[in-house]
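The values are calculated or read from the model by the stated rules, or taken from the named source; none is laboratory data. No experiment lies behind these values; they were computed from the predicted model shown. Quick reminder, even Gly has a Cβ in these numbers, built from the backbone with ideal geometry, and neighbours come from all protein chains shown. Calculation scope for accessible area: heavy atoms of the full protein, side chains included, ligands and nucleic acids excluded. Shrake-Rupley method; radii C 1.70, N 1.55, O 1.52, S 1.80 Å.
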Amino acid sequence: MTMIKIMAYSLTAMLVFFSNRLLAEDGAYQIELIIFSQAMPNSEAFEQTASQIMWPSALTELSAYKKPGATTLDESYDALSKVPVYRPILHVAWIQPIGGGGLAAPVHIQGAEGKLDGYFQMQHDQGLQMTVDLELGSRFDGDSGKAVIYRLNEKRFIKLNELYYLDHPKFGVVVKISLL
């Protein structure tokens, strides 16, 4: 057997081994989000007054998924609660099975007060990727007297078991995804 064939077989075996572990085609993920508002000074002008989310089809309500027995971001939530410029809005966790096809069902994320609305979706084609599209309604913009909507729309490649911080001048999201 030539050296090239040995290397090709070895590379193929490694790809099969690692892709099964990383993509978890028939497994499940624990997804955990903390969403919080932040009262930091900024000079940006926000003019969005109507929703701009392009809602995906087959949106699944968060309540359709099993809740995990334990969450991993409790200390982060407590720390955010103690800092006056941050106000936690929502801390949710769910177990989402990932079947074949690469694209997981989008999950509807809503805050209890009705000011937070959007979705979270994972994709696992060539690596793991998340899409977060959330809008947070304000009370009123001081200048116009109209309610303003702040939007955080981000798509990002991620690694399992790592913390990710998605930032907007008015609110933020902490995300952690683990393989079960």
**Request:** Please sort 70-79, 28-37, 149-158 by packing, taking for each peptide the average over its residues of neighbouring beta carbons within 10 angstrom, highest first.
**Result:** 28-37, 149-158, 70-79
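How far, in nm, would the chain grow between Leu160 and Leu180 when pulled straight, counting 0.36 nm per residue and subtracting the alpha carbon separation?
Details: separation 20, 0.36 × 20 = 7.20 nm, distance 1.05 nm.
Once the chain is fully extended between Leu160 and Leu180, it gains 6.2 nm.
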**Asked** Cross-link list Lys66/Lys115; Lys146/Lys170; Lys115/Lys176: which exceed 21 angstrom alpha carbon to alpha carbon?
**Response** Lys66/Lys115; Lys115/Lys176
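If you count, for each residue, the other Cβ atoms within 10 Å and average over each peptide, how do 165-174, 59-68 line up from highest to lowest? List each step's numbers first, then the result.
Values: 165-174: 17.4, 59-68: 13.4.
Ranked by mean Cβ neighbours within 10 Å, highest first: 165-174, 59-68.
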**Fill in**
Residue by residue through the stretch 78-91, the couplings from Karplus 6.51 cos²θ - 1.76 cosθ + 1.60 with θ = phi - 60°, in Hz, x for Gly and Pro, are 4, 5, 4, 5, 8, 9, x, 7, 10, 9, x, 9, 7, 10
**Request:** Work out the charge dipole of the stretch 78-157 with +1 on the Cβ of Lys and Arg and -1 on the Cβ of Asp and Glu about the Cα centre, then indicate which of Leu90, Pro106, Met122 is farthest towards its positive end.
**Result:** Leu90
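Counting only heavy atoms of protein chains, what accessible area per residue, in Å², does the stretch 51-180 have with a probe of 1.4 Å?
Details: 7040 Å² over 130 residues.
With all protein chains present, the stretch 51-180 gives 54 Å² per residue.
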**Asked** When ranked by the protection proxy of mean other Cβ atoms within 10 Å per residue, highest first, what sequence do the peptides 122-129, 39-46 form?
**Response** 122-129, 39-46
**Item:** Spin-label model distance (nm) - Glu44 vs Glu61, 7 Å beyond Cα toward Cβ
**Value:** 3.2 nm
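Using a 1.4 Å probe on the protein chains only, how many percent of the accessible area of the stretch 65-180 belongs to carbon and sulfur? Please report the intermediate quantities before stating the final value.
Details: 2990 of 6010 Å².
Ligands and nucleic acids excluded, carbon and sulfur give 50 percent.
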